[in-house]
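Some notes on the structure that comes next.
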Amino acid sequence: MRMGLSLLLVLAGIVQALALAWPIGELRGQSYGLLQLVALVMLAGSVSRSHSPQHAMWQTVLFSTAWLTACTWWLYVSMHH
């Protein structure tokens, strides 16, 4: 997998996590459906251009791992505040 595509998928996973509950400013805790749509379109676009089913699987694993990792900051918020 190319490095640029990997970074794009990691960024899409982080955007997906931020779309669920924005952590900054006055709009803290609100969800943004448009950001979620952008992240999923980025994932779908990269998977649709993959060379094989295994390549598509690894792209999805990379996206979902970045998403899960970026969502763990809510553990800190829920346990300490």
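The values are calculated or read from the model by the stated rules, or taken from the named source; none is laboratory data. Predicted, not measured: the structure shown is a model, and the values here were computed from it. Quick reminder, even Gly has a Cβ in these numbers, built from the backbone with ideal geometry, and neighbours come from all protein chains shown. With ligands, DNA and RNA removed, areas are computed over all heavy atoms of the protein, side chains included. Shrake-Rupley method; radii C 1.70, N 1.55, O 1.52, S 1.80 Å.
Structure data summary
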item: Pick from the stretch 1-21, criterion out of contact with any Leu (no Cβ under 8 Å at 6 or more places or on another chain) and in a loop (DSSP other than H, G, I, E, B), ranking: least open to solvent (accessible area, probe 1.4 Å); result: Ala21
item: Some residue of the stretch 47-60 being in contact (Cβ under 8 Å) with a residue 24 or more places away in the chain, open to solvent by less than 70 Å² (accessible area, probe 1.4 Å) and farther than 21 Å from Ser78 by Cα; result: yes
item: Ser64 being at pLDDT below 95 and open to solvent by less than 80 Å² (accessible area, probe 1.4 Å); result: no
item: Neighbours by Cβ (under 9 Å, 6+ apart or cross-chain): first from the stretch 1-14, of a type in the set (A, V, I, L, M, F, W, C); second modelled with pLDDT under 90; result: Leu9/Met1
item: Filter pass, Ala44 being out of contact with any Lys or Arg (no Cβ under 6 Å at 6 or more places or on another chain), exposed (fewer than 15 other Cβ atoms within 10 Å of the Cβ), of a type in the set (A, V, I, L, M) and not in a loop (DSSP other than H, G, I, E, B); result: yes
